[in-house]
Each structure stands twice: as C-alpha cells, then as structure tokens.
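Just so you know, all these numbers are worked out from the coordinates, no wet-lab data involved. For clarity, every value in this text was computed on a predicted model and none was experimentally measured. When we count neighbours, we look across all protein chains shown, and the Cβ atoms used for this are built from the backbone with ideal geometry, even at glycine.
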Amino acid sequence: MSRIILFTGGARSGKSALAEARTLGLGSPAVYIATAQAFDDEMAARIAAHQARRGPDWRTHAEPLALAQALDTTDGAPRLVDCLTLWLSNLLLAETPWEPALDALLDALARQRAPVVLVTNEVGLGIVPDNALARAFRDAAGIVNQRVAAAADEVTFAVAGLPMRVK
Amino acid sequence: MSRIILFTGGARSGKSALAEARTLGLGSPAVYIATAQAFDDEMAARIAAHQARRGPDWRTHAEPLALAQALDTTDGAPRLVDCLTLWLSNLLLAETPWEPALDALLDALARQRAPVVLVTNEVGLGIVPDNALARAFRDAAGIVNQRVAAAADEVTFAVAGLPMRVK
Amino acid sequence: MSRIILFTGGARSGKSALAEARTLGLGSPAVYIATAQAFDDEMAARIAAHQARRGPDWRTHAEPLALAQALDTTDGAPRLVDCLTLWLSNLLLAETPWEPALDALLDALARQRAPVVLVTNEVGLGIVPDNALARAFRDAAGIVNQRVAAAADEVTFAVAGLPMRVK
C-alpha cells in the first residue's frame, strides 16, 4: 500500500529538510528524485547545497520532466520528489503541456507500491504579479498543489522550518 | 442570528471552492455576490470558469463596489461574497475611500439575519513590492482582512485546497 | 529562565499587535527594541503609527543593527524586538555580514534572563523575484526565521490578525 505525502511552504521555509527527514523515516536508502536543472551558477550552488545536506542514505535520480516514469522506475524504495514547482517550470520552459503531465503524475502516484514524499512551493500569497506569464504560472502551480494535495494521505505546510499539519 | 464566515488564502489555494461548499451547507438557493469586473479577456475567462463551477443552486448578484447595500438587498438567503480583495481593488480604481466603505461593510454584516460567507486573499507574504501603490494596496488588504476576521465567527486559511481553521 | 517567543506572518497580518499583547502579558514596563529606520516619509509614518498604538507601558530602545548588545543592555524586563526582517535589511544595507550577526543574536538570546518576544516577516510565499538581490534577501530572511524559530519556545504564525500556533 503506497503512501503519498506532500510538504508545501514558501522559499526557505525548511520544507525540503522536513521532507527528507520524513522520507528517511519510511526506510533507507531512499531515492531523491531531483527536478532541478542547473541553468546558471545560482541554481548550481543551490543544488550543491541541497546535495551536501543529504548523506549516503540517498541515491539521486535526476529527472526534470518525466516524473511519472521516474516514479515507476524507482518503485520499491521510498522516494522524495523535490520539487513540483520546478517540475512545472521545466514543463513550461520545454513547452510541454502541463495538464496531461499532471494527470500522468497522479496516475503514477496511484500505482506506486513504495511511498512517495513530494515537495512543492506556495507562490500565490504575494501581490498579483505584473506580467501575465507569472500570473499563469502561479495559477498552474496552485492547481498542481491542489490536485496533489487532494491525492495525498498527508499534507504539511512548513513555516520557519516548523511543520503545520494540514491533512 | 447571523453568522459571518471568512475564507482566506493565496491565489489558487482553493478558497473559493471551500467557501462555496460551506455556503451551500447553510442552505440553498444561495446568493453569489460577485465583485469581479471583466476588464479584459483574462479576467473574463476567470469569471466564466468560476461561474461554470457553480450550479443551479446559486443566484448571481454582481456588485463591484456597494457591498453593504448588496448584503441588505439579498438578506434572507445565505450569501457568498467573492472576493474582498477585488472589491478593495475596485474601490481604489474608482477613487472611492476604502476605509468608510469597510466601516459600512462591517455595519452591514452586523445587521444581517442570514449568514454571510466571505472570500479574501492573502497578498502580504511575498517580497516587499517595489512600487508605493502596491505597498499601499497590500497594507489596505491586510487591514480589510484583519477587521473582517475580527468580526467573523469562523476564519479558515486555505492551503493547497485544504482548510486550516484559524478561528 | 529566559523564554524566547517568535511571531511571524505577512505584511499587515497583525503580528506586531499580537506580539505586543504577548509581551505585556509577561510584565510591564516592557522594552520595545525598534529596528526600523526612518529613511523616508512612508517609513516615518509607519513608525509613528506603531508608536501611537503603544502606550505608557513601553520604553523604546532604537537599534537598527546591534541587536545582541541591545538585548544584553536591556535584560531584566520583557523585550519585544520588532522586527528581524528590517534588521536583516539594515545589515545588508550597511554591508555587515548577516550570518555572524545572526550567530551573535542567537548567543545573546540564549543568555537572556528576562523573556524576549521577536517579530519577523514571511517573504517567501510569492512568485520568485526577478532580481538576484531580492532572491538573496528572501533566502537570508528564511534562514533567519528558521534559526530563530528553532531556538524559540513558542512560534506563532499570524493570519488576518489571528494567531496560529506553530510551536
């Protein structure tokens, strides 16, 4: 019986660290499914900092786009997907329709045997962005969050590194 | 005895859907008091999507500015006001002072016999906006939220489509 | 035995008013450690409005940068530090390294005999900012919040003027 667990929160809210601890609590070695792509030095530094925090209990599986296949390939150990917001951003940059990709992710989540922990970002609690692309992105991110949260067994909102259980 | 219920949250946090379900739980047909104005195609599409989700259990009452009167006119059935942030934006665009309008709204809420559910947005959890108008807007929006929340019997913060009860 | 209490939330979420009430509940007169600097009229107006709300139960101690020393100097009465986000901003403007300053603050908090209430801001729940400085600021603000929250005995997230207890 699979178990779907979602951690959401703002930037630097501690959601990844909470999600990593939760994943290792489900068994190790665990698989870290990284959606980040190092397009520039800032992003590369962020990825390196995340990797440095994780220890030998992790195997890393980099997958910017095909999350459903990444889950099917790695089933058997607990997985941590970090994060859905970058995945959405990657889909949009690749001009891949995100709604079918979200459907495929939800289908894949439903058929996993081992647990999956997912990290996502809250991006809709600031002032309405000036440009239409940013507005479309935050709308899509909100829908991704809602649909994954609806499918999840547990949902936690991270604030200042602390967990608030939502579901 | 009236009952004042507030749903707040970010963009696409599922607050409107939660508020609609809560309103229909109070009785139907209910009145949907829409503050949205279709200034452009994006806004028109958003309004249409919201209307498509609502069924025959709703009567729609469009009122961008005079919320107090809209409440007095429709008293007798449960009302859903969606949303206070757009209403504030409409007031500012119309160069109507928002503080007396907020006082009038709170007076009207206090005299309603049938329940009122209100939706609002959290807009103050991002980086401080560059322009003074956006800063003034988020300050005003925060005060609207605080005063309506203080008058409310129930307040719920929506995250990823899920309710967190605050009051 | 000291007691460290943190209030976080968005702009105009009511966190300062909640923190003031909590501080006075610990004893009075209390010391208000103000990190705000009046660089312009908007900021001066905001400071004046905050001061007008506070009564004779408060002594004000203005300190934009040296929070650790301000705490050591004022130990003996309950202190309210408002706020850490402005303090971080002041450090960056003064080109003072923020990480050693944060370490010094945490050391000072650990040695206080009288309680300290701190206010901070959530700034990471909007769209990723366009400019690198704003991104660096929100990363640093998130780390400040996480580390102070980890050291705190109580953490409260303010939404629409209402407290949500996180820790």
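You will find that of B:Leu65, B:Leu106, B:Leu102, B:Leu91, the residue that is surrounded by fewer than 19 Cβ atoms within 10 Å (Cβ to Cβ), away from every other protein chain (no Cβ under 13 Å), within 17 Å of the chain's Cα centre (by Cα) and under 30 Å from C:Val123 (Cβ atoms) is B:Leu106 and no other. Of the set (1) over 24 Å from B:Ala11 (Cα atoms); (2) over 14 Å from the mean Cα position of the chain (by Cα), all apply to B:Ala44 but (1).
Close Cβ contacts (under 6 Å, 6 or more residues apart or on different chains) running from residues in the stretch B:28-43 that are among the polar types (S, T, N, Q) to residues that are in a loop (DSSP other than H, G, I, E, B) comprise B:Ser28/B:Asp57; B:Thr35/B:Pro64; B:Gln37/B:Pro64. Sub-7 Å Cβ pairs linking a first residue in the stretch A:120-133 that is without any contact (Cβ under 8 Å) to a residue 12 or more places away in the chain to a second residue that is surrounded by fewer than 19 Cβ atoms within 10 Å (Cβ to Cβ) and charged (D, E, K, R), at least 6 apart or interchain, are A:Val128/A:Arg135; A:Pro129/A:Arg135; A:Ala132/B:Glu42, ordered by first then second residue.
Take B:Ala70 and tell me if it is among the aliphatic types (A, V, I, L, M) and within 22 Å of B:Ala150 (Cβ to Cβ). Taking the combined requirement at face value, the residue satisfies it. Of all residues in the stretch C:8-28, those that are in contact with a helix residue (DSSP H, G or I) (Cβ under 8 Å, 6 or more places away or on another chain), surrounded by 23 or more Cβ atoms within 10 Å (Cβ to Cβ), closer than 26 Å to C:Ala101 by Cα and within 14 Å of chain B (Cβ to nearest Cβ) total 4. Among the residues making up the stretch B:138-162, those that are more than 14 Å from the chain's Cα centre (by Cα), buried (at least 21 other Cβ atoms within 10 Å of the Cβ) and in contact (Cβ under 8 Å) with a residue 24 or more places away in the chain are B:Val159, B:Ala160, B:Gly161, B:Leu162. Can you pull out the residues in the stretch B:119-167 that are part of a strand (DSSP E or B), of a type in the set (D, E, K, R) and away from chain A (no Cβ under 12 Å)? Passing the criteria: only B:Glu154. Scanning the stretch C:1-46 for residues that are basic (Lys, Arg), within 20 Å of C:Arg113 (Cα to Cα) and part of a helix (DSSP H, G or I) yields one hit, C:Arg22. Scanning the stretch C:142-159 for residues that are out of contact with any Leu (no Cβ under 6 Å at 6 or more places or on another chain) and small (Gly, Ala, Ser) returns C:Gly142, C:Ala150.
Take the conditions (1) surrounded by fewer than 21 Cβ atoms within 10 Å (Cβ to Cβ); (2) more than 20 Å from A:Ala160 (Cβ to Cβ); C:Val31 misses just one of them, which is (1). Note on the stretch A:72-88: among residues that are in contact with a His (Cβ under 9 Å, 6 or more places away or on another chain) and free of Cβ contacts under 8 Å to residues at least 60 places away in the same chain, the one that is surrounded by the most Cβ atoms within 10 Å (Cβ to Cβ) is A:Arg79.
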